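Please read the structure below before turning to the comments.
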Amino acid sequence: MVERNGVVTLAGQGVTLLGPELREGDRAPDFTVHDQGFQPWNFYRETAGKVRLISVVPSLDTGVCNLQTRRFDQDCASLPGGVTVVTVSTDLPPAQARWKKEAGVERVILVSDHADASFGQSYGVLMKENRLLARAVFVVDTQGRVTHAQVVPEITQHPDYDRALAAVRAAR
């Protein structure tokens, strides 16, 4: 497994990311995670033919993750048809379901990478030290190519929402 240092910090402390660095133009890796009913959820099967925004958060029960997911849920309403927004975290599925109900989030699909961290390792955002996901945003076009990739340098900070949304609008 590839280990990358010096990419992100958590509260100022460096962490090790496991997995490759994804860049614009790369083929987006397929992955299988779990939905809130603990059922397998496969990325390409569930989102075929769509432009996809993948919002990655460490835990929905933290301030920035909460706001990031709510923000993308609100922004979904203004996105063109044919766009799917998915939030991935390592929160357990019941915790995601509880959070979603309490937050009133309706449009974003929440999936959990808790079981084997296959998403985190495939997308290069799994933190070795705590087995959480680093904050990131990926946009994948209808052909499965990454058109936007941002791994946020300091996990306690927000991603560049405007840049991510512009990439979604530009993707086909």
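The values are calculated or read from the model by the stated rules, or taken from the named source; none is laboratory data. The shown structure was predicted, so the numbers you read here are calculated from the model rather than taken from an experiment. Cβ sites come from the backbone with ideal geometry, for glycine too, and all protein chains shown count toward neighbours.
The residue pairs whose first member lies in region 1-19 and is free of Cβ contacts under 8 Å to residues at least 40 places away in the same chain, whose second member is in a loop (DSSP other than H, G, I, E, B) and surrounded by 10 or more Cβ atoms within 10 Å (Cβ to Cβ), and whose beta carbons are closer than 6 Å, counting only pairs six or more residues apart or on different chains, are Asn5/Thr16.
Which one of Thr84, Thr90 is more than 20 Å from Thr142 (Cβ to Cβ) and free of Cβ contacts under 8 Å to residues at least 60 places away in the same chain? Explain how you work it out, then say what you get.
Details: Thr84 fails: more than 20 Å from Thr142 (Cβ to Cβ).
Criteria check complete, one pass: Thr90.
Please find, among Glu106, Glu102, Glu129, the residue that is charged (D, E, K, R) and in contact with a helix residue (DSSP H, G or I) (Cβ under 9 Å, 6 or more places away or on another chain). First the steps, then the outcome.
Values: Glu102 fails: in contact with a helix residue (DSSP H, G or I) (Cβ under 9 Å, 6 or more places away or on another chain); Glu129 fails: in contact with a helix residue (DSSP H, G or I) (Cβ under 9 Å, 6 or more places away or on another chain).
So the residue among Glu106, Glu102, Glu129 that is charged (D, E, K, R) and in contact with a helix residue (DSSP H, G or I) (Cβ under 9 Å, 6 or more places away or on another chain) is Glu106.
I want to confirm something. Restricting to region 77-110 and keeping residues that are within 15 Å of the chain's Cα centre (by Cα) and farther than 20 Å from Val125 by Cβ, which single residue is surrounded by the fewest Cβ atoms within 10 Å (Cβ to Cβ)? The qualifying residue surrounded by the fewest Cβ atoms within 10 Å (Cβ to Cβ) is Arg107.
Give me a count of the residues in region 96-135 that are outside any loop (DSSP other than H, G, I, E, B) and either without any contact (Cβ under 8 Å) to a residue 40 or more places away in the chain or in contact with a Ser or Thr (Cβ under 8 Å, 6 or more places away or on another chain) (or both). Can you show your working first?
Going residue by residue through region 96-135, those that are outside any loop (DSSP other than H, G, I, E, B) are 96-103, 109-112, 118-122, 126-127, 133.
Narrowing further to those that are either without any contact (Cβ under 8 Å) to a residue 40 or more places away in the chain or in contact with a Ser or Thr (Cβ under 8 Å, 6 or more places away or on another chain) (or both): 96, 98-99, 101-103, 109-112, 118, 120, 127, 133.
The total comes to 14.
Any residue at all in region 125-143 that's within 16 Å of Leu53 (Cα to Cα) and polar (S, T, N, Q)? There is at least one residue in region 125-143 that is within 16 Å of Leu53 (Cα to Cα) and polar (S, T, N, Q). Please go through region 45-95 and pick out each residue that is in a loop (DSSP other than H, G, I, E, B) and among the basic types (Lys, Arg). Listed by number, the list holds a single entry, Lys50.
Can you tell me which of Asp30, Asp35 is at pLDDT 95 or above, under 17 Å from the mean Cα position of the chain (by Cα), acidic (Asp, Glu) and surrounded by fewer than 15 Cβ atoms within 10 Å (Cβ to Cβ)? Reasoning before the result, please.
On the way: Asp35 fails: surrounded by fewer than 15 Cβ atoms within 10 Å (Cβ to Cβ).
Step by step, each of Asp30, Asp35 is checked, and only Asp30 is at pLDDT 95 or above, under 17 Å from the mean Cα position of the chain (by Cα), acidic (Asp, Glu) and surrounded by fewer than 15 Cβ atoms within 10 Å (Cβ to Cβ).
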